[in-house]
Amino acid sequence: AARVATPLSGAARVAAVLGWPVKHSLSPRLHGFWLARHGIDGAYVPLPVRPEDLGATLDLLPRLGLAGVNLTVPHKEAALPLCHRLSPAASRIGAVNTLVFSADGTISGDNSDGQGFLAGLAEAAPAFTPSAGPAVLLGAGGAARSIAVALLDAGAPRLWLVNRTRAKAELLAEHLDDDRVRVADWADRAGTLKGANLLVNTTVLGMTGQPPLDLDLSALPTAAVVADIVYSPLETPLLAAARERGNPTSDGLGMLLHQAAVGFAAWFGVAPTVDAALRAHVLEGL
Ligand code: ATR
């Protein structure tokens with residue numbers, strides 16, 4: 001794959017990721033790879049934007065002709081009321097990660113995290129069927145919220161929410177407002193695995209510098225897919241244990257790459273592919 005950036009013309013399309021901080025974002029690296037691969041007259045840049053500057057930034061960037069932006073911590077929820085249009089996923093999740101600016105200054109907000117998660121899962125475990133059985137979601141933060149919406153939309157017959165702070169799982173359940181959702185205590189997490197079709201870790205446990213997730217997998221059917229949204233390291237202790245006992249697994253990089261493809265296609269007009277060369281390129285940046 002070409003790694004040499006195309007020289008920019010005066011008509012170059014520009015997109016950005018807004019975060020505070022933003023310097024650890026892998027998005028410029030992965031969008032840059034696709035731009036070079038497709039020889040696109042365009043650029044994708046990191047912009048450090050303080051929370052108090054988000055409104056002014058989203059007022060100005062469309063007027064400067066940017067194609068759109070990704071949003072990362074801490075802007076995903078704050079940007080939602082600043083959009084003129086929202087996708088059904090963004091409104092249900094209550095957060096946006098992808099904005100598309102039109103020439104008249106209109107901002108369309110979408111959230112591709114849940115969709116990206118399902119696409120990563122479909123790639124890693126092609127036999128996975130969301131409607132085939134209960135799903136267990138560990139964690140109750142922003143990532144859990146978008147994955148919960150995607151799983152319910154995909155027809156999960158039961159969704160267990162399990163979080164260290166139970167009150168946050170209860171709040172998420174209230175937000176989801178769906179009678180397929182159940183909340184369990186963190187102490188009872190191993191018990192929810194009985195008969196499950198999917199286990200997803202959306203907590204920080206297992207990430208480099210964090211303790212591993214302490215979870216007894218013995219009740220989990222070996223056909224169940226185990227997914228982790230942590231991608232540093234790529235093989236978390238949870239995924240290693242799952243693989244060891246024969247469960248199909250899905251790592252956190254798939255979600256990151258597939259959620260990005262949605263914005264890229266909207267801004268640059270090319271549907272990019274997620275393949276081994278991209279994965280290797282992004283991993284080099286970790
Ligand atoms: P994100 O937006 O990526 O989902 P987040 O909102 O910071 O991130 O959520 C982090 C998740 O990791 C939370 O569910 C958090 O649990 P609490 O709600 O109880 O804080 C979970 N988490 C962090 N450290 C944890 C730990 N040591 N044990 C269990 N869960 C932990």
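Descriptive notes on the structure:
- For A167, the conditions (1) away from the ligand (no atom under 15 Å from the Cβ); (2) over 19 Å from G252 (Cβ atoms); (3) more than 20 Å from the chain's Cα centre (by Cα); (4) of a type in the set (G, A, S) all hold with the exception of (1).
- Some residue of region 3-11 being hydroxyl-bearing (S, T, Y), in contact with a helix residue (DSSP H, G or I) (Cβ under 8 Å, 6 or more places away or on another chain) and surrounded by fewer than 18 Cβ atoms within 10 Å (Cβ to Cβ): yes
- Unmet requirement for G191, which otherwise passes all of (1) more than 14 Å from the ligand (Cβ to nearest atom); (2) touching a Leu at 6+ places or on another chain (Cβ under 7 Å); (3) within 16 Å of A219 (Cα to Cα); (4) not aromatic (F, W, Y): (2)
- For R145, the criteria (1) within 11 Å of the ligand (Cβ to nearest atom); (2) surrounded by fewer than 23 Cβ atoms within 10 Å (Cβ to Cβ); (3) not hydroxyl-bearing (S, T, Y) hold in every case but one, which is (2).
- Which listed residue is among the β-branched types (V, I, T) and under 23 Å from the mean Cα position of the chain (by Cα), from T202, T192, T222: T202
- Residues (surrounded by 19 or more Cβ atoms within 10 Å (Cβ to Cβ), within 14 Å of the ligand (Cβ to nearest atom) and part of a loop (DSSP other than H, G, I, E, B)) located in region 126-142: G139, A140
- Some residue of region 27-37 being part of a loop (DSSP other than H, G, I, E, B) and surrounded by 14 or more Cβ atoms within 10 Å (Cβ to Cβ): no
- Test: A271 is exposed (fewer than 14 other Cβ atoms within 10 Å of the Cβ) and either in contact with a Cys (Cβ under 7 Å, 6 or more places away or on another chain) or in a loop (DSSP other than H, G, I, E, B) (or both): yes
- Listed by first and then second residue, the pairs linking a residue in region 5-29 that is over 18 Å from V49 (Cβ atoms) to a residue that is modelled with pLDDT under 95 and part of a loop (DSSP other than H, G, I, E, B), with Cβ atoms under 6 Å apart and 6 or more places separating them unless they lie on different chains, are R29/G285.
- Of all residues in region 99-125, those being within 16 Å of the ligand (Cβ to nearest atom) and either more than 24 Å from S250 (Cβ to Cβ) or of a type in the set (V, I, T) (or both) number 0.
- Filtered residue count, region 197-245, keeping only those that are of a type in the set (A, V, I, L, M) and more than 16 Å from the ligand (Cβ to nearest atom): 13
- Whichever residue in region 170-186 is of a type in the set (A, V, I, L, M) and within 11 Å of the ligand (Cβ to nearest atom) and, among such residues, is nearest to the chain's Cα centre (by Cα): L172
- Selection within region 233-286 - of a type in the set (D, E) and over 23 Å from N201 (Cβ atoms): D275, E284
- Selection within region 39-57 - in contact with a Phe, Trp or Tyr (Cβ under 8 Å, 6 or more places away or on another chain) and surrounded by fewer than 17 Cβ atoms within 10 Å (Cβ to Cβ): P48, R50, P51
- Residue match in region 240-255 (condition: surrounded by fewer than 21 Cβ atoms within 10 Å (Cβ to Cβ), in contact (Cβ under 8 Å) with a residue 60 or more places away in the chain and closer than 18 Å to L71 by Cα): no
The values are calculated or read from the model by the stated rules, or taken from the named source; none is laboratory data. All figures in this text were calculated on a predicted structure; none of them were measured in a lab. All Cβ positions, glycine included, derive from the backbone under ideal geometry; neighbour counts span all protein chains shown.
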